[in-house]
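S.K.: Before anything else, here's the structure in question.
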Amino acid sequence: MLADALTIDDLKRMARRRVPKMFFDYADSGAWTEQTYRANESDFARILLRQRVLVDMTNRSLATEMVGEAVSMPVALAPTGFCGMMHADGEILAAQAAEAFGVPFCLSTMSICSIEDVAANTTRPFWFQLYVMRDRGFIESLIERAKAAGCTALVLTLDLQILGQRHKDLRNGLSAPPKWTPKHAWQLATRPRWCLAMAQTRRHGFGNIVGHASNVGDLSSLASWTKEQFDPRLSWADVDWIRQKWGGKLILKGILDPEDARMSLGSGADAIIVSNHGGRQLDGARSSIAALPPIVEAVGDRIEVHMDGGVRSGQDVLKAVALGARGVWIGRPFLYGLGAGGRAGVTRMLEIIRNELDITMALCGLRDIRAVDHGILDRGFAEAAAAPAGPPAAKADEPAGMATAVPERTGAC
Ligand SMILES: Cc1cc2nc3c(=O)[nH]c(=O)nc-3n(C[C@H](O)[C@H](O)[C@H](O)COP(=O)(O)O)c2cc1C
């Protein structure tokens, strides 16, 4: 029962029982040793909050804006490839849940449902994520399709010029649709509800690509196309070219270093997402939440700063906002919700996050998410807790552990 899920971990357990292993593992994995994947989650626990009492906690509001769009809370559903393999028609269901909840949904280039599929099944604009391929004609056509579908922001992913390696995917022989080996057939046979739903949809391949990119008429030609197409020469000049072609709100995803963040200031982008691709690319990179404060310090309020990676509760959302994130993107938790129960599962995930965010903000003594800043963080103890693992004090834009990542407490509250 979805209503029994009280935490994101509960949804994850449910999803594990319902989704074939190869697709569940695809979501629940990081590159190589998964060090960065784990750090994304565990570093949040090292940031502590200040409890306040005897303050008025009535009439609370989580509503704010992300790139100028009203949102019911500062949370967006991150672009995830293969989403439609966690549940049949997954992208459509997640987009519908996000729309009803008043938060943005971002469709991946590598989605199963196409841009047109999602547009036809939603009533409000969604966002589109672009991977840059060598075939620039195809990129132009994707941009045109996103415009025609009424997408209101383009998220340009910068951290996947070449693919990181995830051992689980290689061992599982991941593909969409799944291969017909005895191992894969067994994985499917043990997940009958998933199979039944999949049998009722025709969306089994990469909907944005098959039949659109040249030389990819069917699924068999897709694998080699994808491998060759990610463009390792992507540069700031390409960002400029894409910005001009798109002409709308542009969000740069995958910035983890203050120097890159500073360079983004000249790009004309509206926002950056501090992200390490959920620990799926450079294993050994710092966690996103540790990367956030020096980047916020480097760019100030000259560009909107968002973050993603490791957010597993409303408390994590609040901590990221306190450290300067205007928006917080969530990947795996919504995939777990989807796997656990389709659209209703994504809604449940959003309810859990909202409830935790609301209560935590109140117990920190605040009523409006727009008033949250690092004044709600308990700096002293966070420093003490992180001290054994942290490096010596570093300058703001040098790599640092969480000890130096938590900024000075202001007199707020
Ligand atoms: C299964 C999966 C697929 C992903 N696919 C994409 C993608 O197609 N494009 C993209 O920009 N990021 C992709 N990402 C990264 C997410 O957008 C996001 O950065 C990451 O999931 C955030 O970390 P979290 O999962 O811990 O919330 C993917 C992540 C996961 C887990």
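S.K.: With the convex hull built on the Cα atoms of the chain, state its orientation-averaged projected area in nm². Provide the component values of the computation, followed by the final result.
M.R.: Values: hull surface 77.3 nm².
Result: 19.3 nm².
S.K.: Further question on the same structure: Rounded to the nearest percent, how much of the accessible area of the range 202-342 (1.4 Å probe, protein heavy atoms only) is carbon and sulfur? Each step should come with its number before you reach the end.
M.R.: On the way: 2270 of 4900 Å².
Carbon and sulfur: 46 percent of the exposed surface of the range 202-342.
S.K.: Using Cα atoms only, what is the angle between the long axis of helix 90-101 and the major principal axis of the chain, expressed in degrees (0 to 90) to the nearest 10?
M.R.: With rounding to tens, the tilt is 40 degrees.
S.K.: With a probe of 1.4 Å, find how much accessible area the chain has per residue, and write the answer as a whole number in Å². Show your work: numbers first, answer last.
M.R.: Values: 16940 Å² over 413 residues.
For the chain, the solvent-accessible area averages 41 Å² per residue.
S.K.: Where in the range 226-313 are there trypsin sites (Lys or Arg not before Pro) that are in a DSSP coil and have at most 10 other Cβ atoms within 10 angstrom of their Cβ?
M.R.: Details: sites: 227, 233, 243, 245, 249, 253, 262, 280, 286, 302, 312; in loops: 233, 280, 286, 302, 312.
Hits after loop and neighbour filter: 233.
S.K.: Right, another one. When the helix-only estimate is applied to the chain (DSSP H runs of n ≥ 4, each -39,500 (n - 2.57), divided by the residue count), what is the mean residue ellipticity at 222 nm, nearest 500 deg cm²/dmol?
M.R.: Numbers: 18 runs with 174 residues, N = 413.
Here the helix-only value at 222 nm equals -12000 deg cm²/dmol.
S.K.: Most fluctuating residue of 315, 200, 129 in a GNM of the chain with Cα springs under 10 Å: which is it?
M.R.: Among 315, 200, 129, the largest GNM mean-square fluctuation belongs to 200.
S.K.: Kindly identify the range 123-273 as rounded, prolate or oblate by the Cα gyration tensor criterion: order the square roots of the eigenvalues as a ≥ b ≥ c, call it rounded if a/c is under 1.5, otherwise compare a/b with b/c, prolate if a/b is larger, else oblate.
M.R.: Details: a/c = 2.03, a/b = 1.73, b/c = 1.17.
Note, shape of the range 123-273 comes out prolate.
S.K.: Ok, one more. For each pair in 12/183; 168/245; 183/227, compute the distance between the two Cα atoms and list the pairs where it is over 27 Å.
M.R.: 168/245
S.K.: Return the single residue from 344, 70, 269 with maximal mean-square fluctuation; model: Gaussian network over the chain, springs between Cα atoms under 10 Å.
M.R.: Taking springs between Cα atoms under 10 Å, the residue moving most is 70.
S.K.: Report residue 352's accessible area, 1.4 Å probe, all protein chains in place, as a number in Å² to the nearest 10.
M.R.: Estimated to the nearest 10 Å², residue 352 gives 10 Å².
S.K.: Moving to a separate point now. Could you tell me how many degrees, from 0 to 90 and to the nearest 10, lie between the Cα long axis of helix 136-148 and the main elongation axis, the longest principal axis, of the Cα atoms of the chain?
M.R.: 70
S.K.: If you consider only alpha-carbon coordinates, what radius of gyration and Dmax does the range 33-164 have, in Å?
M.R.: My reading of the Cα-based Rg and Dmax gives 18.0, 61 Å.
S.K.: For the chain, give the share of DSSP beta bridges that are antiparallel, in percent and rounded to the nearest 5; count only bridges with both residues there.
M.R.: Working: 5 of 31 bridges.
Roughly 15 percent of the beta bridges in the chain run antiparallel, per DSSP.
S.K.: What residue among 278, 314, 137 has the largest mean-square fluctuation in a Gaussian network model of the chain, using Cα springs under 10 Å?
M.R.: Sorting by GNM fluctuation, first place goes to 137.
S.K.: Along the charge dipole of the chain, which of 248, 68, 97 sits closest to the positive end, that is, farthest toward it, with unit charges on the beta carbon of Lys, Arg, Asp and Glu (+1, +1, -1, -1)?
M.R.: 97
The values are calculated or read from the model by the stated rules, or taken from the named source; none is laboratory data. Just so you know, these numbers come straight off a predicted model, no measurement behind them. Ideal geometry is used to build each Cβ from the backbone, glycine not excepted, and the neighbour counts take in all protein chains shown. Areas reflect the complete protein model, heavy atoms only, side chains present, ligands, DNA and RNA absent. Shrake-Rupley method; radii C 1.70, N 1.55, O 1.52, S 1.80 Å.
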